[in-house]
Every structure is written in C-alpha cells, then in structure tokens.
Amino acid sequence: MIARMTTVGWLRRSAAFWLSAAVGTGFTLTMMAIVGTGTLIHAPLDIPWWTLIPLYAATAHFTVDFEFRREARSLQLSHLPLALGLAFVSPVGHLAACCLANLFDSVLLRRQGPVKSAFNVTSGAVEVALASMFLLWIGPEATPGPHLWAALLCAALLSHVAGQLLLTAVLRLLEVRVSLHEVVGPLTVALFTEPFFTSLGIVTVAALWTQPWTGLIVIALGAGLVVVYRAQRRQAAQQGQTADLYAFVKGLGPLDEHDPETYETLEKVRVLLHARALDLALVDGDGQFRHLVVTEGEGPASDEDVAQLTAELSRTGPDLGPQSAQDRMSTPLLGHSGLIGVLSTQDRLGSVRAFDLGDVRLLETVATELTTALERGRLLLDLGRAATTDPLTNLPNLSEISRQVDEYLLTGQSAIIATVAVDSFREVNDTLGHQVGDDLLLEVTRRLLLTNAGAIIGRIGGGRFAVCVPANDYLGDAAMFGLGLRAQVEGSAQLGPIGTHVRLSVGCVLAPEHGDDAATLIRRAETAMYSARHAQGGPVTWEPVYEVQGTRRLAVVMALREALASGAIGVAFQPKLQTGTLKVTGVEALARWTHPALGAIGPDEFIPLAEASGLMGPLTSSILRQALTACKGWQNRGGRIGVAVNVSADTVLDPTFVTEVAALLTSTNVSPDLLTLELTEGILMDDPKLACERMNELRALGVKLSVDDFGTGYSSLTYLKGLPVDEVKIDKGFVDDVVDGAGDRAVVRAVVDIAHTLGLKVIAEGVEQDEQQRVLQELGVDEVQGYFHARPMAALDTAQWLRRREAAAGLRVSHPSSERT
C-alpha cells in the first residue's frame, strides 16, 4: 500500500516540476521576445557570450555559506556574471550562457536528476529574463553612473525575488507546507546581501568599461576573497560542528525508541546534520523496518510524509553501507547483536550544496552514538521488564502484581484474591525435565488468561500464581470463584508429545475483610493455599487460625534448617520381632527432634515441611548415617541387627541417591544386607518405570526393600507382581481393628496370602495388644512391631534392651531383618 501511494506521489511531484518548468520556459521566451536580440546597454566593449558559462558554472557550484539569525544560509555569487551579461552581452547570448552553465552544474557536477536539473535551468533563465526586462524598462544610460548602478541592483533584487517566489509556487504545487518564515527569511537575507555582492558586479562593469584589462584584476580579487572566505568559513564550520557534536553526545542518554521524546533527539540530529528530513529506520522483531521521521519545522512527520520520504526504502530497503548520493545520506546502526537500524537524511539545507564526505563522516559518528544510546535504552527496558515481569510467562511478578493489587484497592472496591499452586508442577519438573515443567506453566498461564479476561494475574514464584478479580462479579463468594478457577484450569494437558494432568490447590482471601494491602492479602491467600493441599485442592478461604499455623510452619522450617546444620535431629529405634518365636529380627530407625524453644516436634509435623521446603534430602542423609553408625556399633558388640530407614519418593527418584547409599555403606563398613529401605506406595504412581530402575539399582547394592504402609495409597496387591521388593508392611490402620473387624481381618489375610505367594515377608506395625498379636499370628503375619513389645529407644538403650532380651531368652539374636522409620 505504501509503495503504491509513493508511486502516485512521485508521479504527481514529477508532473508539478515539469509543469513549473514549462511555465517558466514560456515566460522566459515571452520576455526575450519583448527584449529583443540587441545589447541592452551601448557599451564600448562586447564580451563573447560563452565567456559567461564558466563564470555562471563557478558561481553556481561554489557558494558562500554564512549564518543569519542563527540559521545557515548558502548564497550563489551569480551577481557578477549577471551584471556582466546585462552590460556587455546580448539577452539571447546571456540567456544561453546561463542555461548551459546551470545545466552543466546540475547534470555533470552535482549529478542531479532530470526533474531538478530542469527546475534549476528554468529558475536561472527566469532570473535572466526578468533582469533584462527590468533593465530595458528603466532605460539605461550610455555610461556608468548612479542610474546604471540602481538599475543593475534593482534587476538583481527582482530576479532573486522572482526565483524565490517560483520555488514557493512549485512547493505549493507539490502540496508541501511552506511557512511564511520560510518565504520571508530568504528575502530578508537578500536585502542585506544583494547590495554588497551586486556592488562587486558594478565595480567590475565600471572597470571593464574604462579599461577592459582591469576587469580581470577585479575578478581575480573577488575570486581570491571568496576562496579565503570559504576556507575561513569551512574551518569555523568544522569547529562549530565539533562543538555541536560534543554538546549533543554529552546530552545524549539512554534512548527509548517508543518514547515521544525520541523525536526531540532526532530533531537535534537533523539540525546537526543540516538536513531537511531525517529517517531512523529500526529493525523490529519480524525483520521489518519501523520508521521514525522528523522534518524541518514540523517535528514528527505525518504518515504521508513518512510514506513519501521512505519511498526508496519501501522498494529496495535501506542502504546498508555509509554513503551519500546527491541529496541523501544513509548509514547502518550496528549493535552488538547485528543490524538494529539505518539512519538516513534527505535534502541538505543551504539551498545549493549537497551532502559531501564530511557530512557522511558526521552521520557515521552520530549513528554510532545513537546505536549506543538505543542499546542502553533497550537494556534499561529489559532491566525494568525483568524487575516487574516473569521471564517465562510474561506475567507480572510478585512485586508488580502487588503494586497492581494495591492500586486496585485504592479505588475502594472489594476484591477476591486467589493464589493457585500447580500441584503437578514439581512432579512433572522432576520426572520429565525442566522444559516440560516450563511448558506446563505456560499452559496454565494460557488457561488463566483465557478464562479470566480483565483480571490481575501474575506469577508469584515456582508453580504459584495469583489472581485478583472484583468481588462483586462473584457476589463476594470467594469459594465460588475458587471452584470456578479449578474447573476452568484443571484437566488433561498435552505438552507436545507428553500428556499430563493439571491439578491445583487454591487459597482465597477477601479484601478488605482479610487485609487492606496486597502483601498481607497474598500472604494469607498462600497460607490458605497450603491448607488446600491437605483438602484435596480446596478452595480454602483464609481464616485467622491459619495465621497461627502458618507462623508455626515457618518457625519449624527455619529451625529444621538449623537443626540439620548442627546435627540436632536424632534417631530412635523400635525393634521388630518374629510373630511366633518373638525373636528380634531388626529395628526401625525413627527421626526424633526436640527444639529448645518449640519443644518436641513429631515426624508427622516436620517431615511434610521438609518435603515442601526441599530439606528431605539432607534429612534422609542424616537419618541414614546415624542408623548405619548405630548398626555398626551393635555389630562390634557381637550382634548382627539390621536397621530399616524410611525414604520418600523424591529421594529415591534422585539420581544421586544410589551413589550416596553406597558411599554411606562403605564409610560405615556395614554389610548392605543389614540395611532395609522402606518406600511408600506413592513412588509407584509418580513414575513407575523410573522407580523400578532405582529400586533395581538399590537391590544391586545388596540393600533390601520394603513397601511401607501398604493398602493406604494408590496401589493394589497386583502392583506387587514383578516389583524388586523383599517385604510388605501392613499399615497400623488395619491392625487397630483386626480383632473385631471382619473387614480388616480379610484385608490382612489377602495381603498375607498374595505376599507369601510372591515370596515376600509380611510385617504388621502398630501392635499394642496381646489379642492383636494372637490374631496376626493366626493370619500368618511373619513379623510384628509396636508398643506392645517395645517403644522407640535411643541407640544405647536399644543395645541394653537387646542384651536383656537375649539374657532373658537365653538365646543369641537371630539373623537381621528390617522395619520402618
């Protein structure tokens, strides 16, 4: 579309140029017909008309540059050949010399196109015709004098005014906006400069009139003055340019290409380069160019001006090398990552001189500084975005969503804030890899944005999100909003070739009922969210009691880190016995912890917190080391007592765990068959294939494996087939009612029958009564463990208990077995 508009505009401009050239040519021919072919002044000297060609060409090509009222102006010294032509050459010869000189300068020296060349030739011809007509009208005298001088001066002024008006008319035909200042400014300059430079022409005419050879001296003197002035002016311009460049660079800071102030910077660049228009074409993410254009006196250009100025870029793309062609320069902006844009200028100000090598060097310098400024601006934008935006999902991060929620609360409206935990994130992340975990978060983000348009949504860390909506949209019912959130987001998800399931835990708060600032509300929503994990995902709405529980959990986690670092977590051991003979077959290592301020903290409280806070690995290592050390001590005292240690699913799936177990067995010099690792059924649901691989690796070390709390998880008896395990532990919940509960007895009998069929040993934990012991023995359970026989004891107490047991029975302790932590 832009290319078509540009083509139409180019045709319209070309037609306007040729129309103005035709009108000027017709006007010139009419004036020449009126003036005639004879000389206008009866001078004693006739100059060949062709001698004016080099004079006109020289004055057209070599201009005098100066400043007038802080504006750069360029002036052609055509006054000398104009005066000589009016005085000593016929109008036709004068016109021919002027046209040929302008044609030579435009086509051969400046290499301008046919349109501009035609305009320059026509403009010069109109000036000659007007000056000749005016001189004929006032009636020249035969000898030089005030009358002739006034006539030459008025003729020069009139021709200059006519040329300026012709240029203005052409610009109006092109629909270019021309201000009154742009018209009056050059005319004002003419009033000050025309008398001086025309005087040089009058002096030359007078010299040639009286003594022809003295005119050459005057011409040489004038040329020398011009050369000296141009040299001085060039040096002053270079110094001024250096000073302006220094001031520009000093004031140039990081540049944000999307900030309107960027146009102010580009306007300074345009003024520095003395260009009518400047185009900064920046490469966007799609490899296309986005144009920032400023033009003289107008600041940011209109869309039509941009389309016209970037016509060539639209057809061929920006020039990729620094170059200057006629009235246009361009140079690439090369950053650390490659091409970031192209800087182009159009039409050098100063009427006649085109861009030269010095302008190109200045353009390159400015482009280098702009490149640095743009890259610094983009870096600041990236840093600002990183401070407020989650890099993976592009959602607001915790600090930014807190700011947005605070702003919303300042409006006085009530709100529901929900925090959402993707429960399946950690499982997917650990088993399928971080890339799939990221894909899962992106899918949850997509669903949240799709189903909660207009809500404030952010990622507050890990697999946790926060959503804020107006409470009135849900009648102030936070639970209803939370249920809707789960219904909209939960479900199966296809992550490339991998299928998984999205599960959420949702905690909700109401504002201002539960808090009046974002930090408090989000914290309380997270507290409710953690409680939702134990309530099948919730939603759970915050209550004051959760604050106490949350404070307690935080205190326990912090204390647990210190306890693991200082070795404050201890181990107690509970014996396991054969059902019939009551021989001790082993012990189970159980973690015990008493904090000086928090008191005794049970495993049911600190083990889930260790799993949630990533401390399960160090905790398991500590228990394993203490258990194996105690086992070695009993072995040194003559007893081979095996020890069992509980391990979580995450610990077993850790690829370094097998190596760690082997290292601990080596360092403590304990035989692998004395160690039993008890695994929960949940490990089979997380990743059955990987779980079996890890279990086989542990079995290869000689370690025994046990399925703990069997019957309480997701599995069934059929899962036992083919698993590399040695024993099954029946959960205490089935043992409690095994005496009076027919259902529990049936479950225990079924477990025993299938386990024995598979060659597995069956252990019952939580035995507290003699009647339970008797029933379990009748059902065929191999080993028992519980308070009925012994409570958990320290390592030294366990050794003493074993000696007393051995002494009372008069027997040696049999070959070891294993039990749970």
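Table for the structure above
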| item | result |
| --- | --- |
| In sequence order, calculated HN-Hα J values of region 265-275 (Karplus, 6.51, -1.76, 1.60; Hz; x Gly/Pro) | 5, 5, 5, 5, 5, 4, 5, 4, 8, 6, 10 |
| Amide H within-cut-off set for Ala415, under 5 Å, with H built and near neighbours excluded | Ala471, Ala511 |
| Residue-wise HN-Hα coupling along region 726-735, computed from phi with Karplus coefficients 6.51, -1.76, 1.60 (Hz; x: Gly, Pro) | 10, 8, 10, 10, 7, 5, 4, x, 7, 6 |
| Partner lysines for Lys689 [C-alpha distance under 21 Å; skip if fewer than 8 residues away on the same chain] | Lys704, Lys721 |
| Interchain or long-range residues, amide H under 5 Å from His501's placed H | Ala493 |
| Protein accessible area in region 492-622, 1.4 Å probe - carbon and sulfur % | 56 percent |
| Whole-Hz couplings from phi, Karplus 6.51/-1.76/1.60, listed for region 579-593; x for Gly and Pro | 5, x, 8, 6, 6, 6, 9, x, 9, 10, 8, 10, 5, 9, 8 |
| Theoretical gain in end-to-end length, Cys692 to Thr388 [0.36 nm per residue, Cα-Cα removed] | 105.1 nm |
| Label-point separation in nm, Asp244 to Ala597, each point 7 Å along Cα→Cβ | 7.0 nm |
| Ratio Rg/Rh, restricted to region 449-603 and using Cα atoms, in which Rh is the Kirkwood radius | 1.14 |
| Prolate/oblate/rounded call for region 353-446, Cα gyration tensor, a/c under 1.5 rounded | oblate |
| Lys732 accessible area, assembled protein chains, probe 1.4 Å, Å² | 70 Å² |
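The values are calculated or read from the model by the stated rules, or taken from the named source; none is laboratory data. As the structure is a computational prediction, the values presented were derived from the model and not from experiment. Cβ coordinates were reconstructed from backbone atoms using ideal geometry, including for glycine residues, and neighbour counts include every protein chain displayed. Ligands, DNA and RNA are stripped out before the accessible areas are found, and what is left, the full protein with its side chains, is counted by its heavy atoms. Shrake-Rupley method; radii C 1.70, N 1.55, O 1.52, S 1.80 Å.
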